[in-house]
1. Sort the following peptides by mean Cβ neighbour count (other Cβ atoms within 10 Å, averaged over residues), highest first: 148-154, 138-144.
2. Give the Rg (one decimal place) followed by the Dmax (whole number) of segment 150-209, computed from C-alpha coordinates and expressed in Å.
3. Quick one: net charge around Trp203, please, counting Lys, Arg +1 and Asp, Glu -1 for every other residue with C-beta under 12 Å from its C-beta.
4. Quick check on segment 2-122: of the DSSP beta bridges with both residues there, what percent are antiparallel, nearest 5%?
5. What does the highest-first list of 118-128, 242-252 look like by mean Cβ count within 10 Å?
6. Scan around His383 for amide H atoms under 5 Å from its own, H built in the peptide plane at 1.01 Å from N, and keep only partners 5 or more places away or cross-chain.
7. Using only the alpha-carbon atoms, how far is helix 434-444 inclined from the longest principal axis of the chain? Give it as 0 to 90 degrees, nearest 10.
8. Assuming 1.567 mPa s and 4 °C, estimate D for the chain with Stokes-Einstein, Rh taken as the Kirkwood radius over Cα pairs, in µm²/s.
Amino acid sequence: MTVHIHVFSESEFDQWLDKSDKYIDRWVKSHGYAPSHGASLIIPSTSGDIASVIICLNPKKAARTIGKLVHKLPGGKYKLSVADDNHHRIHALTLYWNLACYQFSQYKELNSPERQLITDKQVDEDLLNAQTSAVFMVRDLINTPAHDMTPTKLCDYAQSLNASYQGKVKRYTGDELLEAGFPLVHTVGRASENIPELIVCNWGDKGPLISIIGKGVTFDSGGLNIKPSRYMYPMKKDMGGAAHAIGLAHMMLATKQPCRIQLIVPAAENSISSNAYRPSDVLKSRSGKTIEVGDTDAEGRLLLADSLTYACESSPDLIIDFATLTGAARVAMGPDVPCYFTNSDEVAQHIKDGSELHEDQVWRMPLVDSYREFIGSQIADVHSTGSEPYGGAIITSLFLQEFVSATNWVHLDINAVNNRTRDGQPKGGEAQGLMCIFDMLTEWIKR
Ligand code: BES
Ligand code: MN
Ligand code: ZN
């Protein structure tokens, strides 16, 4: 049996109640139900089954609130009946229902019941499935602990995606990174027995070239500048950028977007050993620029520097990179809102539109030119951290920009986890800005 979930706004409630039968009217009133955003109530039949469910969702407020309802319901089949038939809204409600059903059961049996939502005719099922599977993929990758998500495993995962969409793949492992010209990826990863790797996948032969890069630090101990325990604990998530890049490529391919895609995942574990790189070392990058290492915990920007240089060699129309890059971005924005930097106002406008449409909040921060002087070095072309204590997310983006030659570029500094269960979406690995960037891309490639 399929249970109907009646969705209405505060203002639609009285009208809905008037049309309902007396029994429902009495149940609703005797429970003191008042329609406010997110308030739900299960209505039983006279035989004691669930007859229907009601939930008030203000169309101007988050569709993701429906996630809270999911966990109040037993297993079974459900169908939404929404008074307002805006198809974006219905799509969003369905997506957030799906996303609330996620569980990470790789290491523990979790017997939470299946709550299946029958999709409405207005929902684009291919898109919905691409979105749901991409987010689940991102969460699974992030939630998997570092011993099971080594650089090799991470690249294997990208390679399996490559195979399912028949792309061309190149992979550089361990010392091959030196011959292939990725010295910084090698440097960051060389102290770990889980050797560093970099994978490049190319799909498609027509349309604009989109280069997607993700920071793949499978565990960030901080290196010799070791992190205090409290900050080290969450660092299995430091490949969250790579997970997002893989998820975005998957969405683009699953929905057959008319463009070429290049996915680049530099993967390394930032570890400690006698051959670990050191603060004050001077490294030579792929681009030829020399970098003075300010802190070995600033490893992500090094992986990205060589990857950005490599990406630019194919003259892409747009480069997108995702990275759990700085604590400073979290200080600025809190845990749920990624910040992004771009050299293109046009791309920024599309991101803003996508962000609003999908309630996938991201916020632009500026590439402040005059801060460039903070990453000057006395003995190298550029310093990896600089000495200015404020504006870390911006200064780091300026460092990245040193490795981007004339092309459109977006950098997202993400947290990649929910630090608490948020509107029914579980604590742990999370896709942030993914729907928004996907939307931007689908619009942007139409130009
Ligand atoms: N992976 C971290 C940044 C991070 C921390 C992301 C917490 C998300 C949550 C990155 O490699 C790092 O350690 N950055 C340092 C840079 C500093 C040493 C200049 C930071 O932000 O503290
Ligand atoms: Mn670090
Ligand atoms: Zn890191």
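1. Values: 148-154: 21.7, 138-144: 23.3.
Output ranking for 148-154, 138-144: 138-144, 148-154.
2. 12.9, 41
3. On the way: positive: Lys168, Lys206, Lys256, Arg260; negative: Asp205.
Result for the neighbourhood of Trp203: +3.
4. Of the beta bridges lying entirely in segment 2-122, close to 25 percent run antiparallel.
5. 242-252, 118-128
6. Glu292, Gly376, Ser377
7. Helix 434-444 sits roughly 80 degrees off the main axis of the chain.
8. For the chosen part, D equals 56 µm²/s.
The values are calculated or read from the model by the stated rules, or taken from the named source; none is laboratory data. From a predicted model like this one, the values you see are computed outputs, not experimental measurements. Please note: Cβ atoms are built from the backbone with ideal geometry, for glycine as well, and neighbour counts cover all protein chains shown. Remember, those area values only see protein heavy atoms, side chains included, never the ligands or the DNA or RNA. Shrake-Rupley method; radii C 1.70, N 1.55, O 1.52, S 1.80 Å.
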